[in-house]
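Accompanying notes for the structure given below.
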Amino acid sequence: YPWFNDPEYTSAYITESNRALYSIRSVDDLDDEELTLMTRYHVPISRLIWRRWHIANKCGGDVERFHQEMPTTVHEAFISTGRNVFFLPNLMRHYRPRRGETGKVQSVNGKYEFHPDPRGYLKLYALPADDDWGVYLCGGDPTHTSHGDFACVQIINRRTLEQVGVYRRKTDPITFAHDMARIGHFFNTAVLAPEKEGPGYATVGALVAANYPMMFQMSNVAKMQGK
């Protein structure tokens, strides 16, 4: 529900002095984002004046906070409240969605293969590269039972930083470990980094018991010698 559809988010609902303070006399007064709102979403000047007032008085001058609280798009509605390394509007300009292919990773005669299956738990956006670019990391979030939240894995190419796959399944932490190991083997023996708290203890234990060769190990820098 875009903010500019709300009947009260317009300059008629702020004082006359504020309307004058945040007035827009012509298109030349608009910044890039305001111009986009006017041309792409047909937001009238009366609402842009209200937006300026709200950002200054209710958001502490923070445009990103306005995006989060008064979103125009779905992406703006889920903006992180933390401080990102990269400027979020620039990230969104680079975002290119892919449909992906759903399926499962299975072991066939000792070789791990992806088999398309519309009911599968893994969605691939790119197959593992067979050259020096094919180095991967799998971050995992296990769950306690198969009846609660989804257990998830994000698969990242460590060379390009591209998200190449997503696992999403309601399952127990032991089965999750086996699924994660198969995914890791398929992606050129990727580094596996499951959460280690709560159900993660069982997942880590199952992966270690299965002798998966590439597990992320956290170092406690406070206890390292000479540091």
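General observations
- Residue under evaluation Cys152, criteria (1) open to solvent by less than 60 Å² (accessible area, probe 1.4 Å); (2) out of contact with any Gly (no Cβ under 9 Å at 6 or more places or on another chain), criterion not met: (2)
- The listed residue being farther than 26 Å from Pro118 by Cβ and surrounded by 14 or more Cβ atoms within 10 Å (Cβ to Cβ), out of Thr203, Thr143, Thr175, Thr171: Thr203
- Of the numbered criteria (1) part of a helix (DSSP H, G or I); (2) modelled with pLDDT of 95 or more; (3) more than 27 Å from the chain's Cα centre (by Cα), the one Phe4 fails is (3).
- Boolean, Arg25 is of a type in the set (Lys, Arg), over 30 Å from Pro118 (Cβ atoms) and open to solvent by less than 40 Å² (accessible area, probe 1.4 Å): no
Condition check ((1) closer than 15 Å to Tyr136 by Cβ; (2) hydroxyl-bearing (Ser, Thr, Tyr); (3) at pLDDT 95 or above) across all residues:
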| site | (1), (2), (3) |
| --- | --- |
| Met180 | yes, no, yes |
| Phe187 | yes, no, yes |
| Leu192 | yes, no, yes |
| Glu197 | no, no, no |
| Ala206 | no, no, yes |
| Lys223 | no, no, no |
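- Wholly enclosed strands (runs of 3 or more DSSP E) of segment 66-125 bearing at least 2 residues open to solvent by less than 70 Å² (accessible area, probe 1.4 Å) and free of Cβ contacts under 8 Å to residues at least 24 places away in the same chain: 101-108
- Some residue of segment 67-81 being over 32 Å from the mean Cα position of the chain (by Cα) and of a type in the set (S, T, N, Q): no
The values are calculated or read from the model by the stated rules, or taken from the named source; none is laboratory data. Bear in mind the structure is a predicted one, so any value in this text is a computation, not a measurement. Because the Cβ atoms are built from the backbone with ideal geometry, glycine has one as well, and the counts that use them run over all protein chains shown. The area values use the complete protein model at the heavy-atom level, side chains included, leaving out ligands, DNA and RNA. Shrake-Rupley method; radii C 1.70, N 1.55, O 1.52, S 1.80 Å.
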